[in-house]
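Written below as structure tokens is the structure these notes are about.
The values are calculated or read from the model by the stated rules, or taken from the named source; none is laboratory data. This is a predicted model, so every value here is computed, not measured. With ideal geometry, Cβ positions are generated from the backbone for all residues, glycine too; neighbour counts draw on all protein chains shown. Remember, those area values only see protein heavy atoms, side chains included, never the ligands or the DNA or RNA. Shrake-Rupley method; radii C 1.70, N 1.55, O 1.52, S 1.80 Å.
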Amino acid sequence: MIEVLAKLGRGPVFLAGEVLECVITFTNPLSASSTSASSEMLAWASAQIHCQFHASENRVALPPSDGSKHDVQAENETVFVPNRGERGQCILSTPPKILFCDLRLDPGESKSYSYCETLPIDGPPSFRGQSVKYVYKLTIGCQRVNSPIKLLRVPFRVLVLHGLKDYQFPQDEAVAPSNPFLEEEEGLKKDSRLADLATELLMVATSRRSLHLYNISNTRGKVGTFCIFKTMYKIGEDVIGTFNFSEGDIPCLQFSVSLQTEESIQEEFQRRRGQPVSFSTHARHQEACLHTAQSSFSLPIPLSSTPGFTTNIVSLKWRLHFEFVTSGESSGTCMVRGSQSEAVTWTGVEQMEVDTFSWDLPIKVLPTNPILASYVSQFSSTNSITI
């Protein structure tokens, strides 16, 4: 028996273009209860990253796949196919790397190997939507002599930040920022600069503030105004907005604000012409606001959510969805006098004519620092299998 342990040192979330590093340890455990122990032998081990794409048959019409790409690996073959048994199509993969050949482990002995690979910068982000899914995995395959291949899959999340692909790092290392107290390999140094560059670009893009004022009105008149200071955010940030109903002609009884994503299939891949888009709500604020002059809301963008993106098949956009309930009467008739005694009690009316209307405000949501997103990731940094 050999235990295989794969550990992602920095966490399970990466930016496209970064270097993924995984330490893979093979151990021949020595059990105290065993009466006899022997050496174990592995013929080979290899690792490869791939992105699996899966689409809903009810929503997406994909062209017929190439029949030559079907799963050709049988249980007793020595062909390494990382996506064997996986649903959907493998749309992206890195070249496989051999970790070792003919490894012998004595009882209690273990050996570790480091796998490093740059994540393709032109791939899609990780996404689990209602119509499509993009799932990234690192697959480690190993085989005993005359035994079936065993696969250890390490799922991880990829964030895509547009603009990194066109950035050229300086050729002169002397002018590049570096830490003189650390000795880094060239690949890791460039990877660190890529993460720093991404953090800087995100900070610059999402720190710009300017006042955006919108008049809220329906067919009968003005309800109020809405104020927001920016429309570009990182996942993990809060979307904050304020309302001013003091200058409105129509009383607003209630409002709700929903933070939503809009998942739409490109026209050429739609199963039905003009099929509706799919909406998902990530946060919602609702408030009764009769006789309220000002109000506000704060909606957090979950770190586990996917920033907006577009591929040749699907597009994901973010928006704020507003719903307003207004009175069909003047504000003075929304309260009635309950008694004629000295102690006057005002109560709400039992019935009221109301109007409802909605409004959508598009916003842009970008990725964040992958280390921050790792704290709430559903994936584990450590995965293991016994062969």
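Here are some notes:
- Carbon + sulfur, % of accessible area of segment 269-331 - ligands and nucleic acids excluded, 1.4 Å: 47
- Estimated translational D of segment 88-141 in µm²/s (Stokes, Kirkwood radius over Cα pairs; 25 °C; 0.890 mPa s): 168
- For segment 350-379, the list of chymotrypsin sites (Phe, Trp or Tyr not before Pro) that fall in a loop by DSSP and count at most 10 other C-beta atoms within 10 angstrom reads TYR375.
- Accessible solvent surface per residue of segment 215-327, calculated while the other protein chains remain in place, 1.4 angstrom probe, Å²: 45
- Distance between the C-alpha centres of segment 213-277 and segment 90-154: 43 Å, rounded to the whole angstrom.
- Cross-link pairs LYS137/LYS230; LYS133/LYS234; LYS7/LYS230; LYS7/LYS234 - those with Cα-Cα distance over 32 Å: LYS137/LYS230; LYS7/LYS230
- Of the solvent-accessible surface of segment 202-267, computed with a 1.4 Å probe and all protein chains present, 48% belongs to carbon and sulfur.
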